[in-house]
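Asks: The following block contains the structure, expressed as structure tokens.
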Amino acid sequence: MKKSIFTLAVATFVIGSSITSCKPNTEKVQDAQENVDSAKVAVTVAENDLDQAKRVATAEEWQAFKDETNAKINENNAKIDELKLKLNKTGKNIDKTYQVSIDAMEQKNKDLKIKMDSYKNDVNSDWKSFKREFNHDMDELGQSLKDFTVNNKN
């Protein structure tokens, strides 16, 4: 009895599914065309988003950023030179460790200057990403210099 009820239920489900899933070919073609159209719209939106993400900085925005960054780089150079002078005056054994740290910060500052000078502000560049990464690196170097002078005063 249970088996026949189960078989009847399965048969009803299969028949019902096949009846409702059978669409005329014209409806299938229309559904496919609608899917293609919606996919084209999605691609267009994605391309627009990419274009916005890869926008070029305006000339004023680029020049202001470059001027600000060069000022920070020059400020970092002054701090590094000051650290080198202090280091030369102390004459302690631990100075070699400090010298390595100072040299690393000086190299990082030079690398940032090179990165700034070599950046091409064109349509193939990702201005927002460059600016975010560059500012992050600049902030890290600034914090390293600040932490170094705090630790070095004792």
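Read the figures in this text as sums done on the coordinates, not as results from a lab. Every value quoted in this text rests on a predicted model; they were computed, and no experiment measured them. As a convention, Cβ positions derive from the backbone with ideal geometry for all residues, glycine included, and neighbour counts pool all protein chains shown.
Asks: LYS84: which aspartates and glutamates have alpha carbons under 16 Å from its alpha carbon, excluding same-chain residues fewer than 8 sequence positions away?
Replies: Straight-line reach from LYS84, under 16 Å: GLU75, ASP95, ASP103, GLU106, ASP147.
Asks: Let me ask you something else. Quickly work out the ASP95-to-SER144 label distance, labels modelled 7 Å from Cα along the C-beta direction, and quote it in nm with one decimal.
Replies: 2.2
Asks: Sticking with this one: Too long at a 20 Å Cα-Cα cut-off: which of LYS89/LYS110; LYS86/LYS146; LYS79/LYS108; LYS115/LYS146; LYS79/LYS131; LYS86/LYS115? It would help to have the intermediate numbers written out before the result.
Replies: Values: LYS89/LYS110 25 Å; LYS86/LYS146 15 Å; LYS79/LYS108 13 Å; LYS115/LYS146 22 Å; LYS79/LYS131 23 Å; LYS86/LYS115 29 Å.
Exceeds cut-off: LYS89/LYS110; LYS115/LYS146; LYS79/LYS131; LYS86/LYS115.
Asks: What does the extension gain come out to for SER129 and ALA32, with contour length at 0.36 nm per residue minus their alpha carbon separation? Show your work: numbers first, answer last.
Replies: Details: separation 97, 0.36 × 97 = 34.92 nm, distance 3.82 nm.
So the chain would gain 31.1 nm between SER129 and ALA32.
Asks: Between GLU68 and GLU82, what is 0.36 nm times their sequence separation minus the Cα-Cα distance? Round to one decimal in nm.
Replies: Values: separation 14, 0.36 × 14 = 5.04 nm, distance 2.12 nm.
The span from GLU68 to GLU82 would gain 2.9 nm if fully extended.
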